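Notes for the one structure printed next.
The values are calculated or read from the model by the stated rules, or taken from the named source; none is laboratory data. Values in this document were obtained by computation on a predicted structure and should not be read as measured data. Please note: Cβ atoms are built from the backbone with ideal geometry, for glycine as well, and neighbour counts cover all protein chains shown.
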Amino acid sequence: MLKQREIAVVGAAETTRLGVIPDMSNIQLHADCALNAMRDAGLKPSDIDGIACAGESPTNMAHYLGITPSWVDGTAVGGCSFMIHVRHAAAAISAGLCKTVLITHGESGKSQIGLNRAPPGRSSLMGQFEMPYGVYGPPSMFTIPVLRMMKETGLTEEHLAMVAVIQREWSSQNPRAAMQQRCTVDDVLNSRMIAWPFRLFMCCLVTDGGGALILTAADRAKDMPQKPVYILGTGESVETPMISQMADFTRSRAFRVAGPTAFNAAGIKHADVDHLMIYDAFAHLPIYGLEDLGFVGRGEAGDFIKERNTAPGGKLPMNTNGGGLSYTHTGMYGMFALQESIRQMRGTAPAQVQGAKISVCHGVGGMFAASGTIVFTNEG
Amino acid sequence: MSDSKRPLPQPTPETKHFWEGTQAGEIRLQRCDDCANVYFPPRPFCPGCASRNVSIFKASGKAKLFSYVIHHRPAPGFTPPYAIAVVELEEGPRMMTNIVGCPQTPEALPLDMELVPHFEKMNDDITLPLFQPAKA
């Protein structure tokens, strides 16, 4: 098993710009952040011998960047693919399959330049058993379990609105965030209806951008320019490609495998966590995440957020970049959650959590289809 | 609610019985002959125990409204607002569908409302299993 602190993140960067970038294609967004991450780590393409990415194939990226890898990973299970890449890369480095891995994400989600996406075919399970009923993009699918959650646990529309309100408090401190203006519960509830009970401000942004990470063995990290951020524990799982077939509409099985696996590997308790990222494509995801990762009991996450525990000054700062709701969301947001965890561990975040030593970064892929969890620390 | 632009399923060898069933006015499920697990979507083995000994049977059609959203954005073949629902069949499995025969409002769509099938013929090959309130 992968040892705690055996592998470190030694390079991390986002694309130079975020938001609307019509002058860059999908693959160039991957490359832009990859070049920034290599500069951050003081490395050249010839120093990289492992590559992982989603949205572009590793073949595309190795060729485009001039890398000759001896290890590749093209795991593409949606927005948490990058957490899973971190996990696989750490294992590969530990096993001696490669020494230095570059993980890239770039996505022209807003401008749609050079995208490689194909919709599910009419004969796929989704094509046969979901698409005929008017599902049209994540806002019409990811949101479907929530009414059941509300009926069974007492979650309210106001609770969902508070998730968006508090993340704006975080994004208002972040000059790179797309949405920096604070808002109220009424603002959220009065924003345009998208898929009842979800209003616009409960749904993620749609942007262009990317991010890249570089991992290597911790003993090599000591000689590199950045403060190393160590991997304490990791977890991953998948459940179903169809939201209608999620086993329990009030819990994510994938979350409940990935999260505890990472916590157990890291040897941490919930009280040890100083900083938390929970992928927020929609406002209910932090609610499910807090409960499924065991930070609070069933039905308690709505009040936990409302009582400002995850807000600036709270005991569990969460989604401190503003999240997918207010910072950026290109389509697969997980890489941006990872970037914020690294900034918090390096002590360089715009809304820095003072003295934070352990950061948990939890991702979702598809519509509760997949999950990846990484526990980071800055203590070697 | 719908028109010819609605994306229609393309059956595969493993799902053909289901789509033949809807044309015959039936919802056909599968049951494992070894462990009695009833499951959906169709496949020629049991996802509970991996047995290939499975049988196709006609479901009762009785269902309850399990969860849904009311979509307010346009989608091909649909006029918003329309509900995208998941129903729970009496036999256990859940499936996505649309609810017809009632207003597409939260008030008209209480969770756990009892439903019955409404088979909507789309063309000579495809009939979709929609649902409507049991008490019309």
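Considering segment B:1-52, the residues that are at pLDDT 95 or above and small (Gly, Ala, Ser) include one that is surrounded by the most Cβ atoms within 10 Å (Cβ to Cβ), namely B:GLY21.
Restricting attention to segment B:1-52 and to residues that are away from chain A (no Cβ under 14 Å) and assigned to a strand (DSSP E or B), the residue that is nearest to B:ARG94 (Cα to Cα) turns out to be B:ARG31. Entry remark, segment A:136-165: residues being within 29 Å of B:LEU128 (Cβ to Cβ) and in contact (Cβ under 8 Å) with a residue 40 or more places away in the chain number 14 in total. Criterion first (in a loop (DSSP other than H, G, I, E, B), of a type in the set (Ser, Thr, Tyr) and at pLDDT 95 or above) does A:THR16 satisfy it? Here the answer is yes, as A:THR16 does meet what is asked. Checked against (1) in contact with a strand residue (DSSP E or B) (Cβ under 8 Å, 6 or more places away or on another chain); (2) outside any loop (DSSP other than H, G, I, E, B), A:TYR64 passes all but a single condition, namely (1). Tell me yes or no: at least one residue of segment A:291-309 is surrounded by fewer than 24 Cβ atoms within 10 Å (Cβ to Cβ), within 24 Å of A:MET141 (Cβ to Cβ) and charged (D, E, K, R). Yes: one or more hits. A:GLY302 falls short on exactly one of the conditions (1) out of contact with any helix residue (DSSP H, G or I) (no Cβ under 9 Å at 6 or more places or on another chain); (2) not in a loop (DSSP other than H, G, I, E, B), and that condition is (1).
Within segment B:63-84, restricting attention to residues that are more than 8 Å from every other protein chain (Cβ to nearest Cβ) and surrounded by 14 or more Cβ atoms within 10 Å (Cβ to Cβ), the residue that is farthest from B:PRO13 (Cα to Cα) is B:PRO80. Here segment B:106-136 is the region considered, the condition is being assigned to a loop (DSSP other than H, G, I, E, B) and of a type in the set (A, V, I, L, M), and the residue that is surrounded by the fewest Cβ atoms within 10 Å (Cβ to Cβ) is B:ALA136. The residues on offer are A:SER371, A:SER326, and the sole one that is crowded, with 23+ Cβ neighbours inside 10 Å, within 10 Å of the chain's Cα centre (by Cα) and touching a residue at least 24 places away in the same chain (Cβ under 8 Å) is A:SER371.
When the residues of segment A:118-174 are filtered to those that are within 30 Å of A:VAL353 (Cβ to Cβ), over 22 Å from the mean Cα position of the chain (by Cα) and among the charged types (D, E, K, R), the one that is nearest to the other protein chains (Cβ to nearest Cβ) is A:GLU157.
Of the residues A:GLY127, A:GLY121, A:GLY96, which is in a helix (DSSP H, G or I) and surrounded by fewer than 21 Cβ atoms within 10 Å (Cβ to Cβ)? Spell out the reasoning first.
On the way: A:GLY121 fails: in a helix (DSSP H, G or I); A:GLY96 fails: in a helix (DSSP H, G or I).
Unique residue meeting the criteria: A:GLY127.
There is no residue in segment A:106-117 that is surrounded by 15 or more Cβ atoms within 10 Å (Cβ to Cβ), within 14 Å of chain B (Cβ to nearest Cβ) and basic (Lys, Arg). Restricting B:THR105, B:THR127 to those that are within 12 Å of chain A (Cβ to nearest Cβ) and in contact (Cβ under 8 Å) with a residue 60 or more places away in the chain reduces the list to B:THR127. Restricted to segment A:200-232, and to residues there that are free of Cβ contacts under 8 Å to residues at least 24 places away in the same chain and outside any loop (DSSP other than H, G, I, E, B), the residue that is farthest from A:GLN339 (Cα to Cα) is A:LEU200.
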